[in-house]
1. Which residues, counting only those in region 34-57, are over 20 Å from TYR116 (Cβ atoms), surrounded by 15 or more Cβ atoms within 10 Å (Cβ to Cβ), under 21 Å from the mean Cα position of the chain (by Cα) and not hydroxyl-bearing (Ser, Thr, Tyr)?
2. Looking only at region 1-30, how many residues end up being assigned to a loop (DSSP other than H, G, I, E, B), modelled with pLDDT of 90 or more and either in contact with a Leu (Cβ under 6 Å, 6 or more places away or on another chain) or not small (Gly, Ala, Ser) (or both)?
3. Can you name the residue in region 70-95 that is at negative phi, part of a loop (DSSP other than H, G, I, E, B) and at pLDDT 95 or above and, of all such residues, is surrounded by the fewest Cβ atoms within 10 Å (Cβ to Cβ)?
4. Quick one: in region 96-110, of everything that is buried (at least 24 other Cβ atoms within 10 Å of the Cβ) and in contact (Cβ under 8 Å) with a residue 40 or more places away in the chain, which residue is farthest from the chain's Cα centre (by Cα)?
5. Of the residues ASP222, ASP172, ASP207, which is touching a helix residue (DSSP H, G or I) at 6+ places or on another chain (Cβ under 6 Å) and within 23 Å of ILE304 (Cα to Cα)?
Amino acid sequence: MERATDGHTGDMADSRNVLVAGASGFVGRRLVPALVEKGHEVRAMTRHPETYDGAGTPVRGDVSEPDSLTEPLAGVDVAYYLVHSLDAKDFEKKDAEAARTFGRLAKEAGVEQIVYLGGLGTDEQDLSPHLRSRREVERLLGEGGVPVTVLRAAIIVGHEGISWEITRQLVDKLPAMIAPRWVKTRTQPISLEDVVRYLVGVGGNPDAVGRVFEIGGPDQIDYLDMLRIASRVIKGHAPPIVPVPILSPRLSSYWLSLVTDVDTMTARNLVDSMDTEVLVTDDSVHDVVPGEPMSYEDAVRVAIDDRRKAGLD
């Protein structure tokens with residue numbers, strides 16, 4: 001499989017002080033070592049630094065506790081914001097308050113750039129609460145005055161990612177499935193490896209400061225094809241899948257939480273977004289961070305391989 005080359009990517013040319021808020025999360029765990037490898041001084045912000053065993057220097061910080069952010073942000077040049085509250089009923093309110101506070105304190109600390117990983121979708125669409133919240137967070141992070149660079153992505157395919165785990169577990173556990181109507185919605189999945197490459201590439205990059213970029217893999221496919229391709233990679237064949245229009249979002253979320261280990265609240269918030277077609281409409285990120293992203297099938301192979309390396313298969 002072909003991966004992006006290590007040519008010029010617009011990465012931070014000099015060593016900088018970098019903070020990753022959400023360092024112990026799905027994307028953060030991969031981003032921190034990539035930034036360290038580039039020679040940056042990285043603070044890995046987590047609510048439980050005593051249990052953090054990844055790269056970087058662990059620091060305690062909780063975006064819901066303003067006083068806990070002063071020390072982690074001090075002297076930071078670039079701050080990555082990888083925080084959300086999908087598992088909470090009032091996630092929109094929590095995420096809005098946290099983003100506003102983080103942006104304000106980042107300005108007071110002299111941070112030069114905030115990098116945020118948001119969600120694809122246009123403002124003209126009837127966005128779900130989840131995608132609406134992501135869009136609001138973009139705005140509130142910049143309210144304090146620090147330039148924000150936004151990367152908008154759809155489904156991120158990588159070991160331990162919630163959306164990918166739903167796909168993997170459905171394929172793994174069901175020989176055939178009756179699926180909700182949203183399986184016919186098109187999306188543009190992207191590999192975790194490419195997401196990290198883009199995040200590293202825009203940090204400290206003057207061509208990226210204050211801009212919004214859409215990122216995705218080369219495949220624009222529906223969830224039905226995603227399930228079929230994943231099944232062929234994992235099992236060697238695609239299962240029969242029958243879309244059922246009458247399966248409501250609420251029933252869909254119960255179905256997902258029954259078949260997979262994703263909790264009902266997270267499943268519901270994700271399902272609400274799956275009726276919305278989210279595709280890349282602007283590929284200008286390639287001018288700032290060159291390199292061709294891997295295909296969905298290759299991303300699935302990497303995710304499965306990483307799972308095996310973790311001793312889970």
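1. VAL36, GLY54, ALA55
2. If we filter region 1-30 for residues that are assigned to a loop (DSSP other than H, G, I, E, B), which is where we start, we get 1-16, 22-27.
Retained after the next criterion (residues that are modelled with pLDDT of 90 or more): 16, 22-27.
Within this subset, residues satisfying the condition of being either in contact with a Leu (Cβ under 6 Å, 6 or more places away or on another chain) or not small (Gly, Ala, Ser) (or both) are 16, 22, 25-27.
Here the count works out to 5.
3. Within region 70-95, the first condition is being at negative phi, and the residues that meet it are 70-74, 76-95.
Narrowing further to those that are part of a loop (DSSP other than H, G, I, E, B): 74, 76-77, 82-90.
From the residues that got through so far, the ones that are at pLDDT 95 or above too are 74, 76-77, 82.
Details: ALA74: 16, VAL76: 22, ASP77: 19, LEU82: 20.
Step by step, filter region 70-95, then rank; the result is ALA74.
4. Let us first name the residues in region 96-110 that are buried (at least 24 other Cβ atoms within 10 Å of the Cβ), namely 98-99, 102-103, 106.
From the residues that got through so far, the ones that are in contact (Cβ under 8 Å) with a residue 40 or more places away in the chain too are 99, 102-103, 106.
Details: ALA99: 16, PHE102: 19, GLY103: 19, ALA106: 21 Å.
For region 96-110, the residue satisfying everything is ALA106.
5. On the way: ASP172 fails: touching a helix residue (DSSP H, G or I) at 6+ places or on another chain (Cβ under 6 Å); ASP207 fails: within 23 Å of ILE304 (Cα to Cα).
ASP222 is the lone residue from the list that is touching a helix residue (DSSP H, G or I) at 6+ places or on another chain (Cβ under 6 Å) and within 23 Å of ILE304 (Cα to Cα).
Here's the yes/no breakdown for (1) within 30 Å of VAL146 (Cβ to Cβ); (2) modelled with pLDDT of 95 or more; (3) under 19 Å from the mean Cα position of the chain (by Cα):
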position: ASP207; (1), (2), (3): yes, yes, no
position: ASP219; (1), (2), (3): no, yes, yes
position: LEU227; (1), (2), (3): no, no, no
position: TRP255; (1), (2), (3): no, no, no
position: VAL262; (1), (2), (3): no, no, yes
position: LEU270; (1), (2), (3): yes, no, yes
position: VAL289; (1), (2), (3): yes, yes, yes
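The values are calculated or read from the model by the stated rules, or taken from the named source; none is laboratory data. Quick caveat: nothing in here was measured; it's all calculated off a predicted structure. All Cβ positions, even for glycine, are placed from backbone atoms using ideal geometry, and neighbour counts span all protein chains on display.
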